[in-house]
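Below is one structure, written out as structure tokens; the observations come after it.
Coordinate-derived values only; no laboratory data. Not measured: the values here are computed from a predicted model. Cβ placement follows ideal geometry from the backbone for every residue including glycine, while neighbour counts extend to all protein chains displayed.
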């Protein structure tokens, strides 16, 4: 869409370079071959860092040059590639997953949390902007007229995304204030998060942490919010097993990714292991529907035997 909106006028190859550049940071998807734990550790890491953006852009231009095998206008091509990479980083920044902009200097995760990782409205508008010019050309070819609708639809789609993202930012702030301003089971929140819905920007999932428990709520900005209606999950008592798991590097990385971890301890459930410890990110799942779960099997001396990560229901 950025290319169609006018950047393709700077050089004919831009229409190929920008999509490649916009996908380039997700080269880290290759880590999936090494398993979900490795993928989690690498995903949205160095390839998504600001210092690597010029490198990702250069790789995109080089790849297109190798495929097309023709002279490029390197200045406009590289600038377009930088914009393509920046569009990827910007969209990752808007969602709840976040990204690590400041690697290798800092591994802090940064995200606005205003858009779902897969947002139905953005997909719908982008698909419309792809399909509409084709249909317009089809109709106009039957009538013998010419159509230049692609640029107009692209500008419309990009404008919609900007307005929609700003609207979600406002609604996100409203949802946070609703959740923050309540008392839960006689206790005040230590921190809260609201997770966007993939379809309805007026509905959010609220995650509340107090000193002794978490609560997960449905937050509908058109309805009255009931702080007693959420699902309650108590934090476990301190134990040597929890302390041992918290020292495992993978769990430390996970705690850096999510401040809303529900820890659980399951003694003696797996043959050959004394204890299984899990940490679940409540922004993405609950014990009833587990997602984003880091698990460790601990031996009799609480030494880690195996550490795994699952995007769905963990395996024993």
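What order do you get for 161, 114 when you list them from fewest to most C-beta neighbours inside 10 Å? Display every interim value, and only then the final one.
Values: 161 20, 114 24.
Taking fewest neighbouring Cβ atoms as first place, the list is 161, 114.
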TODO: Give me the distance in nm between label points sitting 7 Å out from Cα along the Cα-to-Cβ direction at residue 149 and residue 191, one decimal.
DONE: 4.8
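Using 0.36 nm per residue of separation minus the Cα-Cα distance, give me the extension gain between residue 102 and residue 135 in nm, one decimal. Don't skip to the end; give the middle numbers.
Numbers: separation 33, 0.36 × 33 = 11.88 nm, distance 4.33 nm.
Taking 0.36 nm per residue and subtracting the Cα distance, the gain is 7.5 nm.
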- [ ] Would you mind ranking 109, 123 by Cβ crowding within 10 Å, fewest neighbours first?
- [x] 123, 109
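Could you calculate the contour length gain from residue 69 to residue 30, that is, 0.36 nm times the residue separation minus the distance between their Cα atoms, to one decimal place in nm?
Numbers: separation 39, 0.36 × 39 = 14.04 nm, distance 2.61 nm.
Result for the pair: 11.4 nm of gain on full extension.
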Task: C-alpha center-to-center spacing [the range 20-53, the range 155-219] in angstrom - done: 27
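When 155, 96 are ordered from fewest to most other Cβ atoms inside 10 Å of their Cβ, what list results? List each step's numbers first, then the result.
Values: 155 15, 96 20.
Ascending Cβ contact count within 10 Å gives the list 155, 96.
Return the calculated 222 nm mean residue ellipticity for the chain, to the nearest 500 deg cm²/dmol, obtained by summing -39500 (n - 2.57) across DSSP H runs with n ≥ 4 and dividing by the residue count.
On the way: 8 runs with 126 residues, N = 316.
So the helix-based figure for the chain works out to -13000 deg cm²/dmol.
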Task: Theoretical gain in end-to-end length, residue 224 to residue 237 [0.36 nm per residue, Cα-Cα removed] - done: 1.3 nm
Open item on the list: Cut-off 10 angstrom, C-alpha nodes, Gaussian network model of the chain. Which of 66, 302, 221 fluctuates the most?
Closed with: 66
TODO: May I ask for the angle, rounded to the nearest 10°, between helix 149-180 and the longest principal axis of the chain, with both axes built from Cα atoms and the value confined to 0 to 90°?
DONE: 20
TODO: Could you work out how far helix 74-94 tilts from the main Cα principal axis of the chain, as a 0 to 90 degree angle to the nearest 10?
DONE: 30
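Report the calculated FRET efficiency for residue 286 and residue 23 (r = Cβ-Cβ distance, R0 = 30 Å), to the nearest 0.05.
On the way: r = 32 Å, r/R0 = 1.08.
About 0.40, to the nearest 0.05.
Could you rank the peptides 193-201, 177-185 by their average count of other C-beta atoms within 10 Å per residue, with the highest value first?
Values: 193-201: 18.8, 177-185: 15.9.
Per-residue Cβ counts within 10 Å, averaged per peptide and sorted highest first, yield 193-201, 177-185.
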TODO: Normalising by the residue count of the chain, find the relative contact order in percent from Cα pairs under 8 Å and 6+ residues apart.
DONE: 12
Task: Tilt relative to the chain, helix 53-68 - C-alpha long axis, 0 to 90 degrees, to 10 - done: 50
